[in-house]
Amino acid sequence: MDMSKFSVKRMINFFLASFVGVIIFTSCNQVKQKETTGASKPNIIFIVADDLGFSDIGPFGGNIQTPVLNNFSKEGLLFSNFHVQPTCSPTRSSLLTGNDNHVAGVGIMSEMDYPVLHNKNLPGYSGHLNNQVVTIPELLGENGYHTYMVGKWHLGEGEGMDPFYRGFQEAFALGNGGGSHWSDQRSLAPPQTMTYTRNGKEVQLPEGFYSSTNYTDSLLMFIDRNKADKKPFFAYVSYTAVHDPLHVPAEYIKKYKGKFDMGWDKLRELRINNLIKLGMVPADVKSNPFSGIPKWETLPKEQKAIFARDMEVYAAMLEYLDMSIGRVLDYLKKEGMYDNTLIVFMSDNGANGALSNTYPGNADGKYMSTFDNSMENRGLKNSYVEMGPGWAQASSSPFRMFKSFTTEGGIRAPLIVKMPGKMKNAGQWNRGLAHVTDFMPTILELTGIKYPQQYNSNKIHALIGRSLLPVLNGDSVTVHSGNGIGYELFEMKAYLKDNWKLLRLPQPYGTGQWQLFDIVNDPGETTDLSDKFPAIKQQLIEGWITYSKVNDLYDHNGHYDSLYRLSFKPQNSDD
C-alpha cells in the first residue's frame, strides 16, 4: 500500500475507526532575572514521554510504579491544566518553536496525504518543520549552549530536515513516529521504515538495543563528553516509550502480573477517585467514556486475560521509562549540575487508543501475522501489541476520548517543571491554563535571549506562547487569563479561553457543530452549555476564527476563506 495515497477519510479511520468491531475480537507578573552570561546560564532538559495518559504516573493519580517521578514532583510545580496538540508531531513542532503546528509546518502529519493541500505547496502543511519558524536549539546554540537530542524526532527526515540541521549539535534520533523498541527496527506498518541517524547520517542499531536504555546512554555520553568546558546545555530527551508496539524487558512485566485483572472500567473509576482525592477534579465529576468500548464484564475470559496482559506490559514499560529518567537525574546530581538545571517532564498527547490493524498497511493482517503475539511473548521481541481504546480511556481519566481528538483526553497532558535551585512552590499544584507553545518564550526569558524577526534570511512568525516564569516563580496562576488558544487537526477544532472550551468534532465522533463546555466544573465535557451561554459561545467562535486567520489555516479542500465563513453558519448547520 502506498502511504502517500492515504485519503483524509481513511486517515480518520487510521486513528479512530474500527474501535467497536475490532476490540470485541482483539513585569507585574515577571521577576527580574539574574545575569545570564557565561556559567550562570542554566542547563535545560525537556523529557517527553510518548503517548502517556494523563493519570498514569503516581503524582497524577496513577497506580503504576513511578518512584523517580514521584520524588521529582516534590521538587517541581505540577500542572493539572496543561494542554498540548492532539498527536505526536504537531505537539513537538509547537514545543520546539513556540508556534502553532500549522505555522510550524505540521498542519498535517507526514504519514497522511491531502492532495489538494500538497499541490498548493503551503509551508504550514508540508508535514515537517519549515523555515518560517526557528527552534529552541537553533537560538540556544548560537548563544553559547551545547544542544543535544535523543529519541523520536518525527518532524522531517533527510537533508535539511533531520534534527542535526535544526540546531542540535549532537543528535541520535529516530526519524519517524515509532516502531519496534528493539534492534530489529520493525516498523508500525509495511509502508513505513525506521531510520536512526547520528548527526544527520544513518546508523545501524547495536545488538541488544532497547530504546529507553540507549537513548539515555547517548544523552549521558553527550553531556559527559563536553562537561569540562563548563558551557550550559539544552537537551531534548524524546523517549518513544510508551508508544506502541509495547515492548519492555521480561523482568519488568512480571512485576505487574494480575495487577489489571480488574479491567478498564474499574481502573477508570480508581483513577478518577484518586484525582478527586488530589483535588484535581471536582468531587462530583462526570465521566464521558468513549461509546465504542465494551464493558469489561461482557468480554469472554480469554479476551480479558489478553487485554490484562497488554496493560501489564504498558505499566512495565512506563516503570522502565521512570527508571531511565532516574538515571538522567542521578547523573546530574553526581556531576553537580542538578541544582542549575531547568527540568521539564511532559507527555506529547493523550493515551493512544489506536489499534494495530488500523495503521495503513495492516488491515489485511499479513504484516501482523508475522509477529508472535502468544500470551508468553506479548511485550517481548517480535511481538506487536498495543494499549487499545479501553485502557487508553482509563489512562485518560476523567477526560473524554484520547489521542487524536481535540477533546480533553487528547490534548490535556501531565506536566512537571523544576526550576534551577529550590522552588518556593515545590510540590504544589497549578490549576491555571498552560500550553505547549509557552516553553520557547519561557526559555528565552530565562536565558536572556531575544526572539528574532528573521532567521537565516527568512521572516519568522511571531511567538504565540507566553513565558511561564511568573507561574513558575509563584507570582501568577496563569499567563493566559483572557487569552484564547486555538486548535485544528484532522478537521477537529477547539478553542480554550479561561474556564471555557469550544469544541467541534466531525460526525460520527461528534455532532459536527460547535459545542461549549465549562472544563473546570465539567472536565469530562458531558454538558453542552451552548443554549445557556450563547454570547460566550459566539465570542469563542470569533476567537477561533481570528486564530485560524493568524495561523493560516486551510480546510482540506485547500480553501482559505471558506473555512472562516463556515464558522458563522447557524448552529444547526454542518460542515
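FYI, it's all coordinate maths here, none of it is from the lab. Quick caveat: nothing in here was measured; it's all calculated off a predicted structure. Backbone-built Cβ (ideal geometry, glycine too); neighbour counts: all protein chains shown.
How many angstrom lie between the C-alpha centres of the stretch 331-401 and the stretch 259-300?
19
Taking a ≥ b ≥ c as the square roots of the Cα gyration tensor eigenvalues, with a/c under 1.5 meaning rounded and otherwise prolate when a/b beats b/c, else oblate, which class fits the stretch 95-242?
Working: a/c = 2.46, a/b = 1.20, b/c = 2.06.
It is oblate, given that a/c is not under 1.5 and a/b is not larger than b/c.
For the chain, what does -39500 (n - 2.57) per DSSP helix run (n ≥ 4), summed and divided by total residues, give at 222 nm, in deg cm²/dmol to the nearest 500?
Working: 17 runs with 168 residues, N = 575.
When only DSSP H runs of four or more count, the value is -8500 deg cm²/dmol.
Can you give the charge dipole size of the stretch 225-308 about its Cα centre, rounded to the nearest 20 debye, using +1 on the beta carbon of Lys and Arg and -1 on the beta carbon of Asp and Glu?
440
If we sort 547-555, 164-172 on the protection proxy, mean other Cβ atoms within 10 Å, highest first, what's the order?
Working: 547-555: 18.9, 164-172: 22.1.
Highest mean packing first, the order is 164-172, 547-555.
Using a ≥ b ≥ c from the Cα gyration tensor of the stretch 418-495 (square roots of the eigenvalues), is it rounded, prolate or oblate, where a/c under 1.5 gives rounded and otherwise the larger of a/b and b/c decides, a/b for prolate? Don't jump to the answer; show the numbers that get you there.
Numbers: a/c = 2.60, a/b = 1.22, b/c = 2.13.
Verdict is oblate for the stretch 418-495.
Computed on alpha carbon atoms, what radius of gyration and Dmax characterise the stretch 180-301, expressed in Å?
Computed over the Cα atoms of the stretch 180-301, radius of gyration and Dmax are 20.9, 62 Å.
Quick one: order 429, 296, 153, 264 by neighbouring beta-carbon count within 10 Å, fewest to most. It would help to have the intermediate numbers written out before the result.
Values: 429 15, 296 20, 153 29, 264 26.
If I rank by nearby Cβ atoms, fewest first, I get 429, 296, 264, 153.
How many percent of the alpha carbon pairs in the stretch 48-113 exceed a separation of 16 Å?
Numbers: 1212 of 2145 pairs.
Above the 16 Å cut-off, the stretch 48-113 has 57 percent of its Cα pairs.
Which of rounded, prolate, oblate describes the chain, given a ≥ b ≥ c as roots of the alpha-carbon gyration tensor eigenvalues and a/c under 1.5 marking rounded, otherwise prolate only if a/b is larger than b/c?
On the way: a/c = 1.24, a/b = 1.06, b/c = 1.17.
Rounded, since a/c falls under 1.5.
Per-residue counts of other Cβ atoms within 10 Å, averaged by peptide: what ranking do you get for 494-502, 195-203, 84-92, highest first?
Values: 494-502: 22.9, 195-203: 14.6, 84-92: 26.9.
So the peptides 494-502, 195-203, 84-92, ranked by packing, come out 84-92, 494-502, 195-203.
For the chain, give me the percentage of DSSP beta bridges that are antiparallel, rounded to the nearest 5 percent.
Values: 32 of 59 bridges.
That works out to approximately 55 percent antiparallel.
Given +1 on the Cβ of Lys and Arg, -1 on the Cβ of Asp and Glu, and no further charges, what dipole in debye does the chain carry about its Cα centre, rounded to the nearest 20?
Details: 56 positive and 59 negative charges, 188 e Å.
Taking the Cα centre of the chain as origin, the dipole is about 900 debye.
Near residue 542, within a Cβ-to-Cβ distance under 12 Å, what is the net charge of the other residues, with Lys and Arg +1 and Asp and Glu -1?
Values: positive: 497, 537, 549; negative: none.
Result for the neighbourhood of residue 542: +3.
Which log10 I(q)/I(0) values, to two decimals, does the stretch 281-334 give at q = 0.13, 0.24 Å⁻¹ under the Debye formula with one point per Cα?
Scattering profile of the stretch 281-334, log10 relative to I(0): -0.64, -0.94.
The stretch 460-504: D in µm²/s via Stokes-Einstein (Kirkwood Rh, Cα pairs, 4 °C, 1.567 mPa s)? Don't skip to the answer; put the middle values down first.
On the way: Rh = 12.3 Å.
Here the translational diffusion coefficient equals 106 µm²/s.
Please arrange 422, 231 by how many other C-beta atoms lie within 10 Å of their C-beta, fewest to most. All intermediate terms of the calculation are to be shown ahead of the outcome.
On the way: 422 9, 231 14.
Ranking 422, 231 by Cβ neighbours within 10 Å, fewest first, gives 422, 231.
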